[in-house]
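Each remark here refers to the structure printed beneath this line.
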Amino acid sequence: MLLILAAALWAMPLSGDVFIMLDKPAPPEWPQITIKPAEPLPGKLATLYVTDITPWVHVRLEVTDTATQEVRRPPLGQVQQTPVGWEWRWYFEVPEAASYEVTLFHDCDRGCKRWGGKSFSNTANENRRLNVRRPTKLCAVFPNPARAWHGRSAWIVELTYAQQAESAYWGLDDLARRVVTASQQGHRVLLRIEYDQNQSIPPPDDEVALTTYLEYVRRLARDARFQDVYAFVIGSGFNSQEHNAQSADKPVTPAWYARLFNGYGTEPTASDNVLAVVRAENPRVRVLVGPVQPWVLDADGERPYAIDTPWLNYMNTLVLLLDEAAQAHAAAGIPLAAPDGFAIDAPGNPDSPKMAGLPLAQEPQTDLISTHWHGAQLGFRIYRDWLDIINSTPTTQGLPTYIIASNTFGADAISPPTQNYPDGWLTTALAEINGQPQVQSLCWFTDHFPFSPQWHDFSLTNPQGHMAAAAAEFEVLLSEK
């Protein structure tokens, strides 16, 4: 055919040169992913081959069962150099549901970057598109992986520690499996980031600890496995001695927290604060101020609130300082320096003497006003005191607020939920919060924590005593149309 074409062109009365351009094949896309056998049976071992011209390091493979959204971590793979480039090989058990996806990451020592992926089911995307869930404000802290959510898109609270990044359960890899599974099931994840156990926030003026914490936050914000996290919650209970074990003689102050969070007291151009780090790495994730612990006398605030109590003064001082820092950044032309919202704790208090003669299940809709503490709320409606403070400054007014811990172990704390939970309390609490558009979630602490008996009296998964009523109520509220 080429000879005929050349002869025809030679015979034509044309001058000049003629070039015949043949199509050049497109360069291959990397990485290239294949599986053997080509159609492995569910439950059997398969081998995944990955080739690339770049010798990526700290690589990782995750296999996701698209039917259950369970994320599985296969054994470590093998790597070898080839004439083409590099080849990685993983052996893994194919999920029982033949619909699954593999996702590859590299540079996981600094925050996993997505490398590539492939679906081994023609229906995976369609199933995910059809999996529409109805939203609810209900939420579980440490959710049971086997929990049935009855078609609801709920809230999930998870926790991680900067000083335990490589440890089991609290570390990044185990955390990522839980977070990815929850996100793929349609839930919104609130990820609480602490410095260490019993030290929620880096000790004041400890620049080494501050750098460690910020680098961990940066790693989380950069890691592709956490890109769907709804919000980062920065610390919790940092006004209590319990959460200042490493700095007992110098506990976290509102000023230090605000400095860590959005750079209070530093130059507006400074980037060594949480908001600057997260905005630079992942501007989609929200950053929430962590909850001040209610009814704690360990720390006070320099700027008293109208209701003069240590915990409310601390919160009031913190909000004012965050507002001042946000306004200073705005005046310097730097946007997005205010929090995206607040996380709060709102425990119930059915043990209160003020509930005598009243239906205990109505405690969430009952004002438990303290005369000793100048009118402070001593029950579930502590959330209203928190809201009043949040709504008192220009940059925090009206910000979304999330109850990330609630149960019936409150201010009087006479007995745990296994002994004091009144049937109907959770239903009343949810009705109260559904009437508050600024409050987005109501999280029961806790659902499932099999690693320690510490929270057995609070567990929805293994209910003991009166918790059986709470667990049944949680199920009913999820399944209601």
Practice task
Just name the residue that is farthest from residue 342 (Cα to Cα) out of those in the range 180-211 that are of a type in the set (Val, Ile, Thr) and either at pLDDT below 95 or over 12 Å from the mean Cα position of the chain (by Cα) (or both).
Solution key: 208
Exercise for the section: Kindly indicate whether any position in the range 413-433 is of a type in the set (Asp, Glu) and open to solvent by less than 50 Å² (accessible area, probe 1.4 Å). Expected result: yes
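Each row is one residue, and each column tells you yes or no for (1) touching a strand residue (DSSP E or B) at 6+ places or on another chain (Cβ under 9 Å); (2) closer than 29 Å to residue 261 by Cβ; (3) of a type in the set (Val, Ile, Thr); (4) loosely packed, with under 15 Cβ neighbours inside 10 Å.
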site	(1), (2), (3), (4)
327	no, yes, no, no
337	no, yes, no, no
348	yes, yes, no, no
358	no, no, no, yes
Exercise for the section: Determine if the range 271-293 includes at least one residue that is open to solvent by 20 Å² or more (accessible area, probe 1.4 Å), at positive phi and not basic (Lys, Arg). Expected result: no
Exercise for the section: Only residues that are in a loop (DSSP other than H, G, I, E, B) and closer than 17 Å to residue 244 by Cα: list them for the range 283-325, please. Expected result: 290, 291, 292, 293, 294, 295, 296, 297, 298, 299, 300, 301
Practice task
Could you identify the single residue in 445, 409, 380, 342 that is open to solvent by 40 Å² or more (accessible area, probe 1.4 Å), within 19 Å of residue 237 (Cβ to Cβ) and modelled with pLDDT of 95 or more?
Solution key: 409
Practice task
Scan the range 69-116 for residues that are under 19 Å from residue 50 (Cβ atoms), surrounded by 16 or more Cβ atoms within 10 Å (Cβ to Cβ), among the small types (Gly, Ala, Ser) and at pLDDT below 85 and jot them down.
Solution key: 77
Exercise for the section: Please specify each residue of the range 154-213 satisfying the condition of being touching a residue at least 60 places away in the same chain (Cβ under 8 Å), among the hydroxyl-bearing types (Ser, Thr, Tyr) and not in a helix (DSSP H, G or I). Expected result: 160, 169, 200
Fill in the blank from the handout: The lone condition residue 40 fails out of (1) closer than 24 Å to residue 177 by Cα; (2) modelled with pLDDT under 80; (3) loosely packed, with under 15 Cβ neighbours inside 10 Å; (4) more than 31 Å from the chain's Cα centre (by Cα) is (3)
Exercise for the section: Restrict the check to the range 326-336 and report whether at least one residue is part of a strand (DSSP E or B) and within 26 Å of the chain's Cα centre (by Cα). Expected result: no
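The values are calculated or read from the model by the stated rules, or taken from the named source; none is laboratory data. From a predicted model like this one, the values you see are computed outputs, not experimental measurements. All Cβ positions, even for glycine, are placed from backbone atoms using ideal geometry, and neighbour counts span all protein chains on display. Keep in mind that these areas ignore ligands, DNA and RNA; they rest on the heavy atoms of the full protein, side chains included. Shrake-Rupley method; radii C 1.70, N 1.55, O 1.52, S 1.80 Å.
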